[in-house]
Amino acid sequence: VNFDKSPIDIGVLSKMTEIQKHRGPDDEGRTLFSLNDGTFKEIPRDCRDGKMPFSGGLGFNRLSIIDLSSMGSQPMVSSSQKAIIAFNGEIYNAFELRPELEQKGYSFHSNTDTEVILNLFDAFGFEGMLARLNGMFAICVVDLKAKRILLARDRLGIKPLYISRAGKTLMFSSEVKSFLHHPSFVPEFDSDSLDEYLTFRYCSGSNHLISNVEQVKPGCWLSISSLSDQRQVSYWQIPDVTSIV
């Protein structure tokens, strides 16, 4: 997302997406959007470069497991066309939640858990959506109506989700290697995190072995409207078992 409103380079977005093809070799999708006027455009697969008047872009590689048809492709746009989702993971109770949504008048065009999440967001908002999900996930919802980006990671942080800020640009990805293909990203080694990484092969907090990369913490979600308007919320914590027993 370019918060200076400069257009997204489709070639850069394509390279950032392609480097993660091993995460989802079955399908690829790219959608451009603008938080300023709430518009979006799905990019054809044969369009690999150029610029359009959209300041945000989502790229997604799909591993087709639930609903192998094209109706499950991502990024997925809501029926109201007010939200776009990119979702990695699996929601275990997705199809238990569908009847409640159908009673509220929501129809489904696919048999994916992705569409269930999207309709939950529309019906109950982001926090209400997260409260109902049982699964492992990294989720991005582009809320075109409220003009904000919403990022969330599952309760225990099973699925990775990284963010980086470079000038007026905010990037987020399931793998840090995507950032390497953005011209504004300059990787810098964080020596303070080296001992933790060598001990556990992982950095447990929001830090990373690259200093200008952060992890979305497990059980947290972020709301980002601009570079100066960013809010992080913890929606789940490990229960205090002493109070239970």
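Data for the structure
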quantity	calculated
Cα-based reach from Lys5 at 18 Å (exclusive), listing aspartates and glutamates while leaving out same-chain residues under 8 positions away	Asp37, Asp143, Asp229
Whether the stretch 142-194 is rounded, prolate or oblate, judged on the alpha carbon gyration tensor where a/c under 1.5 counts as rounded	oblate
Helix-only [θ]222 nm of the chain, DSSP H runs n ≥ 4, -39500 (n - 2.57) each, per residue, nearest 500	-6000 deg cm²/dmol
Label selected from [x] 72, 45, 33; [y] 63, 38, 33; [z] 59, 53, 34, the criterion being Cα extents along the principal axes in Å as computed here	[z]
Under 5 Å, built H, 5+ apart or other chain: amide partners of Ser211	Glu188, Phe189, Asp190
Carbon and sulfur %, accessible surface of the stretch 125-213 computed with the full protein complex present, 1.4 Å	53
Shape of the stretch 183-225, Cα gyration tensor, a/c cut at 1.5	oblate
Alpha carbon centroid spacing (whole Å) that separates the stretch 52-129 from the stretch 172-230	26
Cα gyration tensor shape of the stretch 1-126, rounded if a/c is under 1.5, else prolate or oblate by comparing a/b with b/c	oblate
Rounded D (µm²/s) - the stretch 123-165, Kirkwood Rh over Cα pairs, Stokes-Einstein at 10 °C, 1.306 mPa s	139
Apportionment of accessible area to carbon and sulfur, the stretch 5-107, percent (1.4 Å)	50
Hull shadow area, averaged, the stretch 52-127 [alpha-carbon convex hull, nm²]	5.8
Using a Förster distance of 25 Å, the FRET efficiency for Ser70-Asp49 (Cβ separation, nearest 0.05)	0.55
Stokes-Einstein D for the stretch 83-194, Kirkwood Rh over Cα pairs, 25 °C, 0.890 mPa s (µm²/s)	157
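The values are calculated or read from the model by the stated rules, or taken from the named source; none is laboratory data. What you see is a predicted model; the values in this text were computed from it and never measured. Neighbour counts run over all protein chains shown; Cβ positions are idealised from the backbone, glycine included. All accessible areas refer to the heavy atoms of the entire protein, side chains included, with ligands and DNA or RNA removed. Shrake-Rupley method; radii C 1.70, N 1.55, O 1.52, S 1.80 Å.
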